[in-house]
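A quick write-up on the structure given underneath.
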Amino acid sequence: MAKAQVDDHSFFEHVYTSAPVGIAIVSIQGEWLKVNPALCSILGYHEQELMNRPSNEVGYNDHTFLDDHQVQPLLSGAAASFESEKQLVRKDGSIVWASLHVSLVRDEQEGTPLYFITHLSDVTDKKVKEQSLLKIEQLYTMISENAQDLISYSTPDGIIRYCSPSITDLLGYRADEIEGSANLELYHPDDVLMLQESTFSDEDTLTYRILHKNGKYLWFETSYKKVRDEQGEIKWVLGIGRDITERKKHEDNLAEAQRIALLGSWELDIVSEELMLSDEIYNMYNLTRDPQPIRIFKFINLIHPLDQQQFIEHLEHTKKGHELDKEFRHLHLDGTVKYLHVRGFPTMDSSGSPLKLNGTIQDITEHKHVELKLQESIERYTSLKKYNHDAVFSLDLEGNIINTNQKAEQVTGFVVSEMAGENFSRFIGSVNLKRKLSALVENGNSEKVIDKITHKTGLIIEVLTTVAPIIVNEATVGYYIIAKDITEQKKLLVAKEAAEKTNKAKSEFLAMMSHEIRTPMNGVIGMTHLLQDTTALDAQQEVYVEIIRKSGNSLLAIINDILDFSKIESGKTDLVEAPLDIRECIAETLDVLSSKASEKRLEMTYSVHSHVPSVLVGDADRLKQVLMNLIGNGVKFTYSGGVSITVEKWLHTSNSLHLRFTIRDSGIGIPEDKVGQLFQPFYQLDHYMTRKSEGTGLGLAISKKLIEKMGGDIWIEPTTGPGATFVFTVALKEEKPNKEVGLSESVKEEKAVQRYLKILVAEDHEINQLVLRKMLEKMGHTVTVVENGKEAIEAVTFEEFDLIFMDVQMPHMNGLDATKALKSIPIRGTFPVIIAVTANALTGDREKCMEAGMDDYISKPFKRELISDKINKYFPI
């Protein structure tokens, strides 16, 4: 028996020591009496640290190790044991969840309570998981039951399996009324087809209208997510929807406000360069929506071509973190210009690199026009006072000076600050100035009443004055007095008369020089043609004659440039409007320059876009003059490669078609520092003492002025390679059908009687007589020569002629008077065609000839081809 008791005790000790759960004996007073290693491990104490200490010291917050309300039933015998879960504090301060089983041991004899036996297990992991699940469940329940959004999930075929209770507040239905069906009848008829045809991605957002139980449709925005199983099959479709009816109203109101304010928004993704434009921008600028992503160039195309480079620079600046706030122009296809106010703000990532630009575009055209008019008015007023040659005084109703300009300081000798507040009567010695100013405004006799101003020095200055009321809100609040110093005016009149005399002398000098140079030049050029046509020359003589001819043509070109520039500068150059063929103009220009290009082995090519009409209306001669200058320069300064010409449609307006000409060469190019001076008159790249090329330096200046007169502009485009690229635009009209027969056509029909003609040459210069007679006779015509207008009248009176070449400047009677006289007397047979021949080439010469009754006009020196063309014009084969 003793041995059995010992074995039982040893077994108990082994179990007590090796048990995986904590075991403790606690006194009735709650002190530790004995603890096993597992319990010490759970609480982090050594056995000696716990012995005889209160067990409740390891309790956490309101969790005591042995609660009175749990112990009392054991002590009273009402219960044999109890179980509970408690939070306990380990020695290191960490918290552990423990499951406790507590029982009471009593004295077998008397039943007196001896101690408590406690079993303790660490259930922290289990408790954490339970609490986590509980939180998730509570959170889900809270979200589902309290969410303002409508949460639902449905099968892949659209059958709704769950709706959150919020459906009642949002749409008036109970969840059980919706669950179990697709309920497509609840969607707006216009949205059903969209929902049925939508191909959802795994995550998508749709906006549609759904019927409330009260019969009204509400706008909903629902985000969908497909939930797939492990095999990738769709198991559920989760949806979270919200009522956006009010937001939709605000969006519609905002869109309407933007429409009224002509304001649209944009967003640029810098990484992908994709652009998002609001509906209002599409509407404002008549843009067509493209299903493809919009790129940045579409944004740039909204900007006027002349502003695009500046816009690109500002856009790049904005990408670096700066705000964009700038006004730009927009060029409509109809030629009108709108003003844009473009704003933009960058969004940066954590490293400071730009991600997006967001901003607005507002059409401020109307505001800008008002602003420009206001600015113009202010500038005019400011300029009027600041730069006016007259003294300007601002007075109040009493005649006290409010403000003046610098000229007023000169007239009076006082500075503005000294005159401010002074009564104007001080300077004119007048009394009752207030009544007089009012009367002057009514009767307008201020010039005689206020005709003198007294200078600070006492000097009397004679003036001419004007009095005008200052009107604000339809009420007169003061007066302007504008006083002109007559002395200065007299100086200006004298200067004007001197300038007019100088101008007249210059015109007369140009006319004389034109006549005096062209007359002998006609002989030089004409005789070289005759010499080449009528004389058998050896090779050396051919070279000499060719040099004479080229020198004569060069001198003629210089004369023409100077005269052309003079006419353009004086504003007396008129453009002719006649049908022209762009392709023919270029081809004729290249024909003229082809020999020079061939000598240098240059290739000349041109391309005209197919959209450019074959016939337009404009001045073909002036256009060819510009082309000759620009293409000729390309040939002149190119030594290998060639010259290319491209023509394309640039802008089409209701009144005209703007063409863009691009002339590229592979020549020596133009230094960047010289570009700004190229279009200045008389400017050449090389110095006149060292230059290799001939010319006056007027070609580009003339071209620029002609292009501007034709409604265009000219500039040089920068190039990376060799050569230069000139670009110019001109505005031409599109041809309208015209069934009327022109005067020249009717004259041709009347005169188309024979090929070999009787021609009268009225010319006083002996060499020109010879040149013109020889040219005409070589063509097969019969020629009679007279030396002045009187002899021409006598010849026509007694003999019939088909054609008269009439020199304008002749002794005794000039060609103009002779033509007028011929027109006034009866002529035997058909009246001859009269063509003016003159060495003058100034503005108005042609008009004077036409007014005198002449039919056409040629200037000296003339070439055989020109004479032949004029004859064929009136006497076609």
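Nothing in this text is a laboratory measurement; each read-out follows from the coordinates by a stated rule. Everything numeric here is computed off the predicted structure, so don't read it as measured data. Glycine also receives a Cβ, built like all others from the backbone with ideal geometry; neighbour counts cover every protein chain displayed.
Points worth noting:
- Separation of the E800 and E366 label points, Cα + 7 Å toward Cβ, nm: 7.4 nm
- Positive-pole candidate from L211, G158, G239, dipole of segment 147-243, charges at beta carbon: L211
- Residues in segment 84-126 reached by a label modelled at E49 [backbone nitrogen below 15 Å; 7 Å Cα→Cβ]: 89-96
- Placing unit charges on the Cβ atoms of the charged side chains and taking the dipole of segment 743-874 about its Cα centre, the candidate lying farthest along the positive direction among I793, I834, G815 is I834.
- Taking the three principal axes of the alpha carbon atoms in segment 147-243, the coordinate ranges are 43, 27, 21 Å, sorted in descending order.
- Calculation over all alpha carbon pairs of segment 574-734 in 10 angstrom steps from 0 returns a P(r) of 10, 41, 36, 12, 1, 0 percent.
- D by Stokes-Einstein for segment 783-877, Kirkwood Rh over Cα pairs, 4 °C, 1.567 mPa s: 95 µm²/s.
- Mean Cα-pair separation over length for segment 11-123, i.e. relative contact order, pairs under 8 Å, 6 or more apart, %: 25 percent
- Reciprocal of mean inverse Cα separation for segment 20-165 (Kirkwood radius, Å): 18.1 Å
- Assigned charges on the beta-carbon of Lys, Arg, Asp, Glu; segment 249-370 dipole about Cα centre (debye): 180 debye
- Virtual spin-label span in nm between D190 and D157, 7 Å along Cα→Cβ: 3.2 nm
- Neighbour-count ranking [beta-carbon atoms within 10 angstrom, fewest first] of R295, R343: R295, R343
- Stokes-Einstein diffusion coefficient of segment 271-345, Kirkwood radius over Cα pairs, 37 °C, 0.692 mPa s, in µm²/s: 248 µm²/s
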